[in-house]
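Here the structure is laid out as structure tokens; the discussion comes afterwards.
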Amino acid sequence: MRIRIEFNEEKLENYGKAMAALSPYILTIYRSGRGYIELELSDDAYPLINDLNKLDGIKIIEL
């Protein structure tokens, strides 16, 4: 599944937590920029996405 993570730069600690949790599931990093990153994840990561969306300053969008 391909996702876009949008993050608030003031909440980089939560972005770090999200990336650490997703790291075993990352297949490809497509692009990144200021305040976002687009990734291809294995389908096993799907249940984790709902939990990560609850973190302050993080928004995960399935593409």
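FYI, it's all coordinate maths here, none of it is from the lab. Treat the numbers as computed from the prediction; the structure is a model and nothing was measured. Glycine also receives a Cβ, built like all others from the backbone with ideal geometry; neighbour counts cover every protein chain displayed.
Residues of the range 1-38 with an amide N closer than 15 Å to a point placed 7 Å from the Cα of Lys59 along the Cα-to-Cβ direction: 4-11, 34-38. Under the Karplus relation 6.51 cos²θ - 1.76 cosθ + 1.60, θ = phi - 60°, what is the ordered set of whole-Hz ³J(HN,Hα) values for the range 41-46, x standing for Gly and Pro? Karplus-based 3J(HN,Hα) across the range 41-46 equals 10, 5, 5, 5, 7, 3 Hz. Less than 5 angstrom separates the built amide H of Arg2 from those of Leu41, Leu63, all sequence-distant by 5 or more or on a different chain.
Which label marks the calculated value of Kirkwood radius over Cα pairs in Å, given the options (i) 16.2; (ii) 11.4; (iii) 11.9? Comparing each candidate, only (ii) matches the computed number.
Across the range 49-63, coupling constants 3J(HN,Hα) worked out from phi with the 6.51/-1.76/1.60 Karplus curve, θ = phi - 60°, read 4, 4, 5, 5, 5, 7, 5, 5, x, 10, 9, 10, 10, 7, 9 Hz, and Gly and Pro carry x. If R0 is 35 Å, the Cβ-Cβ spacing of Glu13 and Asp43 corresponds to a FRET efficiency of close to 0.80.
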